[in-house]
C-alpha cells in the first residue's frame, strides 16, 4: 500500500477528531480547504501543527492550516432544563375575601374543630361585623361576641384577644353541633339564645332576633361557600 498524500492524511486527521466526540473547545482551526474544527489547543512546531484535546493529540502538516483563532466556548454542558412553570396564582375563596385579615385565624380554628370556615366567617359577620373590639350592651365581647361566662367555660382568658376569641367561639360552635347532632339551625339558635332555650322550645326559639339571626348566618355561609350542604 503506497503512502498517503498530504490531503488524505489531513482528511483522516479531521475524521479522527470528529469521531472523538465533543470536548472543551478553545481554539477554532481553519484549514486551507475551508473546513473548520474546534480543538482544545493548537501548537506550531516547524512544519507540523499539533492539535490537542482532552485525551489525545494529533499532528497535521502546518501547511494545511490556514489559521486558528481563540474562541470562548467554555466546558460543554448539557442543555439547561426549561424553568418550571410558574405556579397558578392562588385564588382566594369567597369566605377568605370576606374574612380579610382574620381569614388565617378563622381557617386555623375551623380546621381544629372540624367546622366549615365559611360558617365561622358568616358567624363573625353577623356577631360583630368583623370588629374585634366590639362589646354589646349585654357584655358580649370580640369578633364572635363571647359572653364572659361562655368565654370562661371554653377556656378563653382574654375575650378581646382575636385568636383566643375565635378559638373559644369555634369550640362553642363545635360543642353545639355535637349536642344538636349536626343540625346547623339549632346550633346557631343555641349560639344566639343559649342551648337551654332551644331545649325548652324543642327547636328554634320563637324570638324574632334569634330567627332572623339563624336565617342571616345560614344565608351568609351559603353565599361564602356555595358548595357546602
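The values are calculated or read from the model by the stated rules, or taken from the named source; none is laboratory data. Given the structure is predicted, the values throughout are model-derived calculations rather than measurements. Cβ placement follows ideal geometry from the backbone for every residue including glycine, while neighbour counts extend to all protein chains displayed.
Across region 114-132, the qualifying residues are those that are in contact with a helix residue (DSSP H, G or I) (Cβ under 9 Å, 6 or more places away or on another chain) and assigned to a loop (DSSP other than H, G, I, E, B), and the one among them that is surrounded by the most Cβ atoms within 10 Å (Cβ to Cβ) is 115. Among residues of region 43-61 that are in the same structural domain as residue 32 (by TED's automatic domain parsing) and within 13 Å of residue 31 (Cα to Cα), those with a beta-carbon under 7 Å from a residue that is at pLDDT 75 or above and exposed (fewer than 12 other Cβ atoms within 10 Å of the Cβ) at least six positions away or on a different chain give the pairs 61/47. Of the candidates 168, 190, 220, the single residue that is in contact with a strand residue (DSSP E or B) (Cβ under 6 Å, 6 or more places away or on another chain), part of a helix (DSSP H, G or I) and modelled with pLDDT of 95 or more is 168. Looking across region 145-172, the residues that are within 31 Å of the chain's Cα centre (by Cα) and either touching a residue at least 24 places away in the same chain (Cβ under 8 Å) or not assigned by TED's automatic domain parsing to the domain that holds residue 131 (or both) come down to 162, 163, 165, 166, 167, 168, 169, 170, 171.
All told, residue 111 meets the bar of being outside any loop (DSSP other than H, G, I, E, B), loosely packed, with under 13 Cβ neighbours inside 10 Å and assigned by TED's automatic domain parsing to the domain that holds residue 204. Search region 84-95 for residues being under 17 Å from the mean Cα position of the chain (by Cα) and surrounded by 11 or more Cβ atoms within 10 Å (Cβ to Cβ), and hand back the single one that is nearest to residue 222 (Cα to Cα). Restricting to residues being under 17 Å from the mean Cα position of the chain (by Cα) and surrounded by 11 or more Cβ atoms within 10 Å (Cβ to Cβ), the top hit is 93. Among the residues of region 93-100, is there at least one that is over 30 Å from residue 143 (Cβ atoms) and modelled with pLDDT of 60 or more? Within region 93-100, not a single residue is over 30 Å from residue 143 (Cβ atoms) and modelled with pLDDT of 60 or more.
What residue, of 10, 58, 28, is assigned to a strand (DSSP E or B), touching a helix residue (DSSP H, G or I) at 6+ places or on another chain (Cβ under 9 Å), on the phi < 0 side of the Ramachandran plot and modelled with pLDDT under 75? Going through 10, 58, 28 in turn, just one is assigned to a strand (DSSP E or B), touching a helix residue (DSSP H, G or I) at 6+ places or on another chain (Cβ under 9 Å), on the phi < 0 side of the Ramachandran plot and modelled with pLDDT under 75: 58. When restricted to residues that are surrounded by fewer than 18 Cβ atoms within 10 Å (Cβ to Cβ) and touching a residue at least 40 places away in the same chain (Cβ under 8 Å), region 206-217 contains 1.
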